[in-house]
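Report on the structure given below.
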Amino acid sequence: MKRVIAIYPGSFDPLTNGHLDLIQRGARIFDELVVAILRNSEKAPLFSLEERLEMLRESTTQWDNVRVDSFAGLLVDYARERGAQAVLRGIRAVSDYEYELQMGWMNRKLDPSLETVFMMPAGAYSYLSSRLVREIAALGGALGGLVPASVESRLRERFRDAQPAPR
Ligand code: PNS
């Protein structure tokens, strides 16, 4: 029987509840879901690759068919290496669509056999992004419901001296 493997690529800096929602949905429809962090030397991430891998591992133990990994270079090459037939990406709002469509088309040009599958997270996460989470954490704001508890404590640790923004 054919096993369908999908890659869910991203920066995950940090992992949010929106990412986890998508992982849960992907784990339901694919036989194996590989959550893969891009090793990107250009961007200076808030969390190191090791920290991001650890947070993902800690938060995905409940799914037997979810793997956590990192990759460098082209996504299509990594997908081929892992024997994956699909790439999973989340679309929160119309504003995500243009960028995601461009990437999907380009990946199809690079490897026509690789399908991109778009899924929507729960509506409650439609405004959630790693960038906003980093900003809220840096300014001492409340993170409840936005990130898993292990990510929240790491963010608090990272911005220990951050004070709530003056009103
Ligand atoms: O979480 P992000 O930052 O939106 O994820 C972007 C990511 C990692 C999916 C994208 O940058 C990517 O796939 N990079 C790998 C390099 C590559 O294949 N580039 C061509 C894509 S069209």
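The values are calculated or read from the model by the stated rules, or taken from the named source; none is laboratory data. Here the structure is a predicted model, which means the values were calculated and not measured. SASA here: full protein model, heavy atoms, side chains in, ligands and nucleic acids out. Shrake-Rupley method; radii C 1.70, N 1.55, O 1.52, S 1.80 Å.
Brief remarks follow.
- The translational diffusion coefficient of the chain, from Stokes-Einstein at 4 °C and 1.567 mPa s with a Kirkwood hydrodynamic radius over alpha carbon pairs, comes to 78 µm²/s.
- Share of carbon and sulfur in the accessible heavy-atom surface of the chain [1.4 Å probe, %]: 53
- Once the Cα atoms are used to define both axes, helix 17-29 deviates from the longest principal axis of the chain by about 20 degrees.
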